[in-house]
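Chemist: I'd like to ask you about the structure that follows.
The values are calculated or read from the model by the stated rules, or taken from the named source; none is laboratory data. None of these values were measured; they are calculated from a predicted model. Cβ placement follows ideal geometry from the backbone for every residue including glycine, while neighbour counts extend to all protein chains displayed. Heavy atoms of the whole protein, side chains included, go into the accessibility calculation; ligands, DNA and RNA do not. Shrake-Rupley method; radii C 1.70, N 1.55, O 1.52, S 1.80 Å.
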Amino acid sequence: MSTGVIIVLIVIVAAVLAVAAVLALRARGPQHGGSLKRRFGPEYDRAVVRHDGDTKAAERELSERVRRHGSLHTRPLEPAERERFEARWTAAQERFVDSPREAVGEADRLLAELAGARGYPDGAQYEEQLAALSVHHAHHVDGYRRVHRVTHAQAQTHTAGAGDGGAETAAASDTEELREALVAARALFEQLVRPGRHDDGRPGTGAGVAPAAASGPASAPGSTPASTPASEPAARAPHGWSLGKRRPKES
């Protein structure tokens, strides 16, 4: 075989390898994005919106979150710790009937402390803590975001008042917003407080969590207790009582 033929074959092989490499890189891109979308779910969509529809920028941000927090190892709660957190959550839910604003503020603080106790970044670093939680509890982290946002927004606007006879309507609207935020936050609380429960970015792994849609009228502040649905577990954690209800006396 002549030298010229050998050179031609080498060039052809190199060209084939280069094309294969390009195709492999192109194929890897969509799979990577699809993997992020499956892992982050609603957080992926939220990141895309925040970046004005730029999916590449959103994926870079989410990939950076995974790089920083993906290998985070959480620590389990001691039984006494878990009981204290559950008792505080129950008290916050019961307090909602008379002081919804203070109850949601307590839920915000409680989630920050609970996440810190599990090994996530300290609650004083809210954005970093939220980013870490989004990597491991993507389908429930928005509840924490909502109580935090509502707590701070309500604190800033409460003193302004509604005025012109609209105070009662505004108060009702505020209470409903607070109720929805607290109901949404309960899912993340359940994920963090119960041993052996991990979201890993997939929905449906928080067994025993009452979904927000199920809170309905029975969860509204001041409502009367309703019977426990047959689909729910017979034994529920103390904090599982619907929002706005007083915890029944134990027999």
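Chemist: Rounded to the nearest percent, how much of the accessible area of the stretch 87-136 (1.4 Å probe, protein heavy atoms only) is carbon and sulfur?
Modeler: 46
Chemist: Between Lys56 and Glu102, what length comes free when the chain is fully extended (0.36 nm per residue of separation minus the Cα-Cα distance, one decimal in nm)?
Modeler: The span from Lys56 to Glu102 would gain 12.6 nm if fully extended.
Chemist: Give me the distance in nm between label points sitting 7 Å out from Cα along the Cα-to-Cβ direction at Val8 and Gln125, one decimal.
Modeler: 6.2
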